[in-house]
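Structure first, then comments.
The values are calculated or read from the model by the stated rules, or taken from the named source; none is laboratory data. Being a predicted model, the structure only gives us computed values, none of them experimental. FYI the Cβ positions are ideal-geometry reconstructions off the backbone, even for glycines, and counts take in every protein chain you see.
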Amino acid sequence: MTRFIGSPKPRPAKYITREIKPTVTGEAKITDRQERIPGFSQEVLERLSVVMIGGGGLGGEIGEGLVRKGVGELRIFDGDVVELSNLNRQRFYKKDLYKNKARCLAKNLAREAVKNSIIIGYPFRFQEAVEENIDVSCDLAICGVDNNPTRAYVSKYFYRRETPVVFTAVSRDANNGYVFIQEPDKACFGCLFPNAMNDTTEPCPGVPAIKDILKAVAGLTLYAVDSVFMNRRRNWNYKEIFLASFVPDKAFWVKRKDNCPLYGEHST
Ligand SMILES: [Zn+2]
């Protein structure tokens with residue numbers, strides 16, 4: 001949870017990557033296999049601009065997937081610094097220790113990229129970026145942070161701008177995790193978790209975390225992103241998986257609440 005203190009404030013780190021082209025006659029192009037997936041559209045993904053809030057365990061896995069698949073633009077917001085106890089699961093290396101997460105993740109993802117992508121890491125919390133008038137407009141936002149104040153802020157910010165948001169989180173016992181898609185005029189994060197909207201507590205340091213559930217939920221998030229813009233079928237806006245499966249996985253449509261803490265009647 002360490003953050004940058006004092007000045008000068010670090011600047012965003014921007015990377016532009018280039019497609020790795022076939023070198024042998026008749027060789028399949030790099031995205032050949034995913035372009036064979038029913039409903040998947042490479043063209044759509046390459047035009048997509050994504051804002052990712054949180055560059056930790058979930059953000060790193062999701063970001064890796066997005067750049068491998070060939071997302072057009074990925075902008076990462078995170079004000080934290082890389083700590084030693086992050087390295088068992090987050091997309092950072094020894095050389096990244098004690099540096100800003102968003103900047104380091106952008107750099108590391110630029111090495112994973114195989115297509116034409118723009119990857120920018122902003123060393124601020126999302127709220128700070130908005131306050132500093134940084135352009136956060138996008139086609140879709142992904143919120144993979146560990147605290148309700150940021151989730152509530154992100155929900156409100158993008159709902160007003162009619163931009164879809166994918167929220168994702170894992171449980172503290174690492175057994176389950178969910179993905180929720182907030183789309184314009186549909187259920188918001190407050191309809192799903194009314195109590196979270198007034199929760200001002202930040203997580204304590206040292207919250208348990210492990211790679212397996214992060215990877216599983218990040219995969220679901222990648223599918224969710226495609227499903228918003230492509231004909232990859234989805235019969236839910238909330239999906240939750242349980243690794244141990246003493247209770248079954250869940251997938252359903254969260255409905256707009258009449259007494260939503262964010263929008264009241266949701267009268268638009
Ligand atoms: Zn709502």
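Among the residues making up segment 240-268, those that are small (Gly, Ala, Ser) and within 16 Å of the ligand (Cβ to nearest atom) are Gly264, Ser267.
For segment 85-107, a residue qualifies if it is in contact with a Phe, Trp or Tyr (Cβ under 9 Å, 6 or more places away or on another chain) and surrounded by fewer than 23 Cβ atoms within 10 Å (Cβ to Cβ), and the qualifying residues are Asn86, Leu87, Lys99, Lys107. State whether the residues of segment 257-267 include one that is among the hydroxyl-bearing types (Ser, Thr, Tyr), surrounded by fewer than 20 Cβ atoms within 10 Å (Cβ to Cβ) and within 29 Å of Glu83 (Cα to Cα). There is no residue in segment 257-267 that is among the hydroxyl-bearing types (Ser, Thr, Tyr), surrounded by fewer than 20 Cβ atoms within 10 Å (Cβ to Cβ) and within 29 Å of Glu83 (Cα to Cα). Residues considered: Thr168, Thr200. Of these, the only one that is surrounded by fewer than 19 Cβ atoms within 10 Å (Cβ to Cβ) and either in contact with a helix residue (DSSP H, G or I) (Cβ under 9 Å, 6 or more places away or on another chain) or aliphatic (A, V, I, L, M) (or both) is Thr200.
Does at least one position in segment 40-51 carry a residue that is under 20 Å from Val166 (Cα atoms), among the hydrophobic types (A, V, I, L, M, F, W, C) and touching a Cys at 6+ places or on another chain (Cβ under 7 Å)? There is at least one residue in segment 40-51 that is under 20 Å from Val166 (Cα atoms), among the hydrophobic types (A, V, I, L, M, F, W, C) and touching a Cys at 6+ places or on another chain (Cβ under 7 Å). Check whether at least one residue in segment 153-162 is within 15 Å of the chain's Cα centre (by Cα), surrounded by 16 or more Cβ atoms within 10 Å (Cβ to Cβ) and not in a helix (DSSP H, G or I), and report yes or no. No: segment 153-162 contains no residue that is within 15 Å of the chain's Cα centre (by Cα), surrounded by 16 or more Cβ atoms within 10 Å (Cβ to Cβ) and not in a helix (DSSP H, G or I). Among the candidates Leu66, Leu105, Leu74, Leu109, the residue that is touching a Leu at 6+ places or on another chain (Cβ under 6 Å) and either over 19 Å from Met230 (Cβ atoms) or assigned to a strand (DSSP E or B) (or both) is uniquely Leu74. Restricting attention to segment 158-191, the residues that are within 13 Å of the ligand (Cβ to nearest atom) and either of a type in the set (Gly, Ala, Ser) or out of contact with any Ser or Thr (no Cβ under 9 Å at 6 or more places or on another chain) (or both) total 8. Among residues of segment 122-146 being under 19 Å from Glu61 (Cβ atoms) and part of a loop (DSSP other than H, G, I, E, B), the one that is modelled with the lowest pLDDT is Asp146. Whenever a residue of segment 181-194 is without any contact (Cβ under 8 Å) to a residue 40 or more places away in the chain, its partners that are more than 9 Å from the ligand (Cβ to nearest atom) and assigned to a loop (DSSP other than H, G, I, E, B), lying with C-beta atoms within less than 6 angstrom and at least six residues away or across chains, give the pairs Pro184/Glu162.
In the set Val228, Val207, only one residue is away from the ligand (no atom under 11 Å from the Cβ), among the aliphatic types (A, V, I, L, M) and exposed (fewer than 14 other Cβ atoms within 10 Å of the Cβ); that residue is Val207.
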